[in-house]
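Here's the structure, in C-alpha cells; my notes come after.
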Amino acid sequence: MSQDSQTIKTAHQIVMQKGEMYVGWSTKEDVRKRGGSGGLVTSMLAAALEKKLVDAVVVLKKMNEFEAVPIITSDVNEVLNSAGSLHSVPSNFAKLIANRNLKVALPAKGCDVRGIIEQGKRNAINLDNTFIVGLNCGGSMHPVVTREMLEVMYKIKPEDVHGEEIEKGKLIFETKDGKEHAITIDELEEKGYGRRESCRYCTIKIPNNADIACGNWGVTGDLAGKATFVEITSEKGAKLLQNAIDAGYIQVQKPDEKGVAARSKIKGVMEGLGKKWKDKVFVPMDNRLEYFRKELENCIDCGACKAVCPTCSCGDVSKCTEFHFRGDAYRMSMYHLVRFLHLADSCIGCGQCADVCPVDIPLTRLYRRFANPVQEQLKYEPGMDMRKPPFFEAKLEV
Amino acid sequence: MNAYSTICPGCNFGCGLYIRENGTIDLDFRKSSPANAGKLCRFGMSLPRLYKPVKSMVEGKETTPEEAAKEAARRISASKGSVAFLSLGNTTCEEVLAFQKLAVPYLCTGANFDALPKDVYLTLSVGIPYTEIEAAKHIVLFIDPYEQYPLTVRRLLSAKKKGAKITSVWWKDLPLADENIRPADISKLQLTKDSLVISDFHPLSDAEQVKSVLSLAKNAGAKVTFLKPFANSTGAYVLSKDAKQKSFAQLVEDINKGTVKTLFCLESDPSTLIPSETLSKLTNLIIQTGHASAGTAKANVVIAHEPLYRKKGTLINNEGRGQALGGAGTNGLEALGIIAGTKFEFDSLHDAVKKALGIQAVDEFLIPKYDRPAYGAIQAAAKPPEAKTTLVSVYNPFMWFGLPDDNDFVELNLNTVRALKLLKGGTLKIKSNGSTIEKKFKVAPVQDNILLTGNRFGIEKGSITPVEISR
Ligand SMILES: Cc1cc2nc3c(=O)[nH]c(=O)nc-3n(C[C@H](O)[C@H](O)[C@H](O)COP(=O)(O)OP(=O)(O)OC[C@H]3O[C@@H](n4cnc5c(N)ncnc54)[C@H](O)[C@@H]3O)c2cc1C
Ligand code: SF4
Ligand code: SF4
Ligand code: SF4
Ligand code: SF4
C-alpha cells in the first residue's frame, strides 16, 4: 500500500501483513474517548472475542484511578468497558493465564509479553492460542507511591485526579476542574517518586516480541493522542487487526513518515535512558555476600516473590521450596539462593517480586545482580524470542 | 470470573487484597491498599487454604442455612439462661451490631476487659496510624513483628531508615532491633516521651503483662499502641464499648462450671482458644461462619453463610481505618435475624456504624478521629516465669485460625544445644505435665532456657509453659 493514501481504507482494500505499520482508532465513540490513545486496543480485543477468534480476553477491571484487578472474561461489554491506560497498575498477566489452557487475547506491556513467552517455553501457556497485544511501555508506577507523589510533589488530592498522561518527558495529571499539572519525570525520580525502579532500567519499550505492538509514539498531527500506532509483528497480529477491521470495530490508515521516524527515535532515547539507569543502579560492590545477607535478613518466608514471578512456572513442588525448611538456620536461606541461581538466565526484571515483598526487600535489584552478568555473557534475553533458557538447554547427550 | 476487593482476616492489620473466584480461589495483590500497599504476609498468601467451603449442618446432617438457623434458634431458646454468645472480631461491624442484639444475655468479644481498668478500654481497642509508627523516634517492641503481625515489619524498617532506634523486649534478638532486652531484664528499658511502645492484646493476653506495658508507657509519657489478632477486633471492641460484656476467661470458667451449656459462635472457631475438654462439656456448640474449620467439624449446628470476602460491610483495622468489603452478601445478617426473631436491614446497621465512628462514608484513605483518653496510674504485678525452662507460644495468625503451617519445630539457642548435646538435624524431647513430645529445633539467638514456638503442640498451658527438655 502506498504512503500517500491517508484516507480510511475499508476491509476489502487492506490485507494485513506482518511488518506493516498503521495508525488506527476505535469506531465506538465512548471507547475512543476512554481509550489510552484512540481505543484501538480495546476494540481489537472486543472484536476478537465477538468474532470467536478467542474464547476469552484478559482485561483490567478498574476500581479507581490507581487500582484495577486483572480478570479473564468472555463478556464483550466488560472488554469494551476496560479501555484506558492505567500507569499506576503495575500488574503482570502471565501467571493469570498460565495453566488454564485458554484461547485468549490480552493487552501486554513488555514485561507481560516476556512473562507469557517464558511461560510458553515451559508449556504452561500455549502460545499458538494466545494473541498478545503489546503495549509500548515507558514505565508504570506503584499506586501508593503515586498517591504520595500527588500530595507531596503536585500538591493535589489523589481523589481529584481525573486522568493522566506522559508527554515530552513530563508526567501530567489532569484534575476534575480541568487543570493540568506537569512535572518532569527526571525531577520526580530524583525525589524517589515516578516509575518503579525496574521500569527505569527496563529496555523493552516497544514490544516487538508480541503479536502486534501498540502505542501512542509515532502518532502525529491532529491524531496525536486520539489514535494508536500499531506495528504488526506476527501472523496472529495481522489476523487480530484484520478481524477488528472486518468486524467494523476499528479504522486504520498508514502512518506518515515523520511519525515512523519519531517513534523509532523515542524508542532509541528511552532505551538509552534505561541503560543509564542500569549503570546507576548496578554499581560494582565489595562484599556481595554480606550485602545479600543483610538485605534478606528480614524475609518472612511469605513466598509471594515466587508466586508472582511471571517466569517461574514451578508449582508447589519446586527446587527452591524443597531445599528450604523454615526450621533451617542457614545465614541465608536456601530458598533465595536456589531462586537466584534458577532465575539467573530467566529473570526478565519485571519488578513484580519487589512490588509484593511485605518487608520491602529490593528483590528485583538482587535478582538482576545475578541475572545481568549471566544474560549479558550468554547474549540471552529471556522473553524476547523462543530460544530456550541456556541453563535449560545444558542437557546430557544420549 | 468474579473478583472481590477484600481485607485479609488474618489479623487486625487490615491488609487489602483481591480474591478471584473461578472454580478455585486465587488471590491478587491490591497494591493501592493504604495499610499494606498490596503486600501480604505468609498467612495472607495462604488465604486460599483458609477459605475452605463450609456446609450448613445439624448434628452432622446437611441442611440449608435457613433450617440450620431455625434449629439454632430453637436450641438457644430451649437453653435460656445458659447460652453464651462469642464473636472474636472476625466479621463486619454491621454483623457485630446485629449480634449484640442477640447476645444481650451473655456477650463475649473474646477480650478480658474485666481484668483491666475501665479507662484503658479505648487505648486497648484502637491503635495509632501506621504513619505514626514510621515517624517515631524510638520504638519499643513487646511483640515479635516477624511472626505475629508481619506487615508491621516494613513500617518499622521505614522508621529505622528515618533514624528511629528500635528496642525489642523479647526472648529472641530481632534482626531489625538496635537493642535487644530480655523480658526478665525489663528494668533496663529506658523510655522517654519520644518512645512509642508496641504491644498486643488478644484473648489469651496476660492481664498483668498488659497492665505492666500500660504503666511503663504512662510513667514515661510514651505513646502506646496495641496490635490485635482479628480482622475487625477494633470494630468489635469499639462498638461494644457500652455493651455489657463477659470476659473470655469468664466464658471458659462458666463452661467448665456448667452454667453455660450452649455456645453460639459468630465467625469464630472456639477450638483454637478453648481447650477441648472444656468444649466437650457443652450441650450445644453452634457456629455461624463462612469457612470450614476444626470448630465446624465439632459443632452440633453449623450455619454456613458467605465467606468474609463475599460479604458486604465494614471492617475497622488497627489504626481505626474503616474499610469496606467488596462483596454484596448479607446472608449472615439474615441468619442472625432468624435466630433473633427479627429482620436486620443492612442499611440501617451501616448507618449506625457510621454514626458510631462519626463519619459520613467509609473511606479507606481516611482515618476517623478516636478518643484515646489518658488513663490513670496502674499497678502491675507481672511475674517472670519461675520454671528453669519454658516453652513460649508466639501467637500468630496460623495459630488463631488453626491453619497448618511449615513450623513444626522450636527455636532455642546454641548453649542449650551444647548443654543437651543435641545433634544437628536431630530432635529434642519436651516434657510437660506428664506428656512428652519430640520436635525438630532451630538454632536462633534466643534467651537461655527458652524455647519459642509459633505452633501448637498440645502440651501448652497458656502462652508460657514450664517444660523439661532432653536429647
Ligand atoms: C503502564 C503503561 C505505560 C505506557 N507507556 C507508553 C509509552 O511510554 N509510549 C507509548 O507509546 N505507549 C505507552 N503505553 C501505551 C498507551 O498508553 C496505550 O495503551 C496504547 O497506545 C494503546 O492505546 P489504545 O487507546 O488503543 O488502548 P485502549 O483501548 O485504551 O486499551 C488499553 C488496554 O490496556 C490495558 N491496560 C491498561 N493499563 C494496563 C496496565 N497497566 N497493564 C496492562 N494492561 C493495561 C487495558 O485493560 C486495555 O485493554 C503505555 C501503556 C501502559 C499500560
Ligand atoms: S518492567 Fe518494562 S514493560 Fe514492565 S511496566 Fe516496567 S517499563 Fe513497562
Ligand atoms: S525474579 Fe522478580 S524481577 Fe525477575 S522475573 Fe521474577 S518477579 Fe520479575
Ligand atoms: S516476598 Fe519478601 S518476605 Fe516474602 S519470601 Fe520473598 S523475600 Fe521473603
Ligand atoms: S495476617 Fe495480618 S499482616 Fe498478614 S496479610 Fe493478613 S492482615 Fe496482613
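Here are the numbers for the structure shown:
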| quantity | calculated |
| --- | --- |
| Qualifying residue in the range B:241-248 (condition: on the phi > 0 side of the Ramachandran plot and free of Cβ contacts under 8 Å to residues at least 60 places away in the same chain) | no |
| Residues that are among the hydroxyl-bearing types (S, T, Y) and within 11 Å of chain A (Cβ to nearest Cβ), drawn from the range B:150-168 | B:T152, B:S158 |
| In the range B:415-449, residue farthest from the other protein chains (Cβ to nearest Cβ) [restricted to those that are loosely packed, with under 15 Cβ neighbours inside 10 Å and hydroxyl-bearing (S, T, Y)] | B:S435 |
| Subset of the range B:49-74 [in a loop (DSSP other than H, G, I, E, B), surrounded by 18 or more Cβ atoms within 10 Å (Cβ to Cβ) and either within 14 Å of chain A (Cβ to nearest Cβ) or in contact with a His (Cβ under 7 Å, 6 or more places away or on another chain) (or both)] | B:Y51, B:V54 |
| One residue from A:T184, A:T220 being outside the structural domain of A:L135 (by TED's automatic domain parsing), in contact with a strand residue (DSSP E or B) (Cβ under 9 Å, 6 or more places away or on another chain) and open to solvent by 10 Å² or more (accessible area, probe 1.4 Å) | A:T184 |
| Matching residues, the range A:276-313, being away from chain B (no Cβ under 14 Å), part of a loop (DSSP other than H, G, I, E, B) and open to solvent by 50 Å² or more (accessible area, probe 1.4 Å) | A:V283, A:P284, A:M285, A:D286, A:N287 |
| Any chance B:F230 is closer than 19 Å to B:K118 by Cβ and surrounded by 16 or more Cβ atoms within 10 Å (Cβ to Cβ) | no |
| Those helices (runs of 4 or more DSSP H) lying entirely in the range B:344-435 with at least 1 residues over 24 Å from the mean Cα position of the chain (by Cα) and in the same structural domain as B:Q209 (by TED's automatic domain parsing) | B:346-357 |
| Meets criteria (open to solvent by 30 Å² or more (accessible area, probe 1.4 Å), without any contact (Cβ under 8 Å) to a residue 12 or more places away in the chain and either in a helix (DSSP H, G or I) or more than 19 Å from A:G36 (Cα to Cα) (or both)) for A:K265 | yes |
| Qualifying residue in the range B:180-199 (condition: under 20 Å from B:K118 (Cα atoms), open to solvent by 40 Å² or more (accessible area, probe 1.4 Å) and more than 19 Å from the chain's Cα centre (by Cα)) | no |
| 1 or more residues among the basic types (K, R): qualifying helices (runs of 4 or more DSSP H) within the range B:87-135 | B:93-102 |
| Residue match in the range A:287-301 (condition: among the β-branched types (V, I, T) and under 19 Å from A:C214 (Cβ atoms)) | no |
| Checklist (1) more than 30 Å from B:R42 (Cβ to Cβ); (2) open to solvent by less than 20 Å² (accessible area, probe 1.4 Å); (3) within 14 Å of another protein chain (Cβ to nearest Cβ) applied to B:L412, failing item | (1) |
| Out of A:K239, A:K191, A:K179, A:K226, sole residue that is free of Cβ contacts under 8 Å to residues at least 24 places away in the same chain and either within 24 Å of the chain's Cα centre (by Cα) or surrounded by fewer than 16 Cβ atoms within 10 Å (Cβ to Cβ) (or both) | A:K179 |
| Flag if B:A68 is assigned by TED's automatic domain parsing to the domain that holds B:G341 and away from ligand 3 (no atom under 16 Å from the Cβ) | yes |
| B:A299 at pLDDT 95 or above and crowded, with 22+ Cβ neighbours inside 10 Å | yes |
| Members of the range A:138-184 that are part of a helix (DSSP H, G or I) and closer than 21 Å to A:G84 by Cα | A:P143, A:V144, A:V145, A:T146, A:R147, A:L150, A:P158, A:E159, A:D160 |
| Lone qualifier among A:R122, A:R100 - being open to solvent by 20 Å² or more (accessible area, probe 1.4 Å) and free of Cβ contacts under 8 Å to residues at least 40 places away in the same chain | A:R100 |
| Some residue of the range A:372-387 being of a type in the set (A, V, I, L, M, F, W, C), more than 14 Å from chain B (Cβ to nearest Cβ), exposed (fewer than 15 other Cβ atoms within 10 Å of the Cβ) and in contact (Cβ under 8 Å) with a residue 60 or more places away in the chain | yes |
| Residues that are more than 19 Å from A:P358 (Cα to Cα), surrounded by 17 or more Cβ atoms within 10 Å (Cβ to Cβ) and not acidic (D, E), drawn from the range A:338-348 | A:V338, A:H342, A:L343, A:A344, A:S346, A:C347, A:I348 |
| Qualifying residue in the range B:322-329 (condition: polar (S, T, N, Q), open to solvent by less than 60 Å² (accessible area, probe 1.4 Å), in a helix (DSSP H, G or I) and not assigned by TED's automatic domain parsing to the domain that holds B:K429) | no |
| Matching residues, the range A:314-332, being open to solvent by less than 30 Å² (accessible area, probe 1.4 Å) and under 17 Å from A:I300 (Cα atoms) | A:C320, A:G327, A:M332 |
| Lone qualifier among A:L341, A:L363 - being within 29 Å of A:G139 (Cα to Cα) and either free of Cβ contacts under 8 Å to residues at least 40 places away in the same chain or more than 14 Å from chain B (Cβ to nearest Cβ) (or both) | A:L341 |
| Entirely in the range B:1-48, the strands (runs of 3 or more DSSP E) that have 3 or more residues that are closer than 22 Å to B:G235 by Cβ and either open to solvent by 20 Å² or more (accessible area, probe 1.4 Å) or more than 16 Å from ligand 3 (Cβ to nearest atom) (or both) | B:2-7, B:16-22 |
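The values are calculated or read from the model by the stated rules, or taken from the named source; none is laboratory data. Just so it is clear, the structure is predicted and the values come from calculations on it, not from any experiment. Cβ: placed from backbone, ideal geometry, glycine included. Neighbour counts: every protein chain shown. In case anyone asks, the SASA skips ligands and DNA or RNA and just uses the protein heavy atoms, side chains included. Shrake-Rupley method; radii C 1.70, N 1.55, O 1.52, S 1.80 Å.
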